[in-house]
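Novice: Supplied in structure tokens, the structure appears directly below.
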Amino acid sequence: RIDNECKVLGSSHHAVAFSCKVDFGASGAPVIGWGEDQTPSLVSIITAKAMMGEEPVALGVILDETAVSVFRDASCASEQPGPC
């Protein structure tokens, strides 16, 4: 589902906490960021749900350009719809 209000709440090492509402089964979901020119890019993958104090949060991994390239190549190889 799309959550246009999802914000980064904090990060540490290779993990980031988001304000996105997620439920069990959301692991593996992409987190897409939009550039100033409205170009989408993959910025994270949801890995878990957790609590930050009293607030539920979504946890994700921080992706570097190498990881993004691997996902892009895999999508293009499997002929999934979308830009390659």
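Novice: Anything in the stretch 1-25 that is open to solvent by less than 50 Å² (accessible area, probe 1.4 Å), among the small types (G, A, S) and within 10 Å of G60 (Cβ to Cβ)? List them, or say none.
Specialist: Quick first cut of the stretch 1-25, residues open to solvent by less than 50 Å² (accessible area, probe 1.4 Å) only: 6, 10, 15-20, 22.
Keeping just the survivors that are among the small types (G, A, S) gives 10, 15, 17, 19.
If the condition is that a residue be open to solvent by less than 50 Å² (accessible area, probe 1.4 Å), among the small types (G, A, S) and within 10 Å of G60 (Cβ to Cβ), then A15, A17 are the ones that fit.
Novice: Inside the stretch 24-54, can you point out the residues that are within 18 Å of K7 (Cβ to Cβ) and β-branched (V, I, T)?
Specialist: Within the stretch 24-54, V31, I32, V43, I45, I46, T47 qualify.
The values are calculated or read from the model by the stated rules, or taken from the named source; none is laboratory data. The structure displayed is predicted, hence computed values, not measured ones. Ideal geometry is used to build each Cβ from the backbone, glycine not excepted, and the neighbour counts take in all protein chains shown. Please note that ligands, DNA and RNA were not included when accessible areas were found on the heavy atoms of the full protein model with its side chains. Shrake-Rupley method; radii C 1.70, N 1.55, O 1.52, S 1.80 Å.
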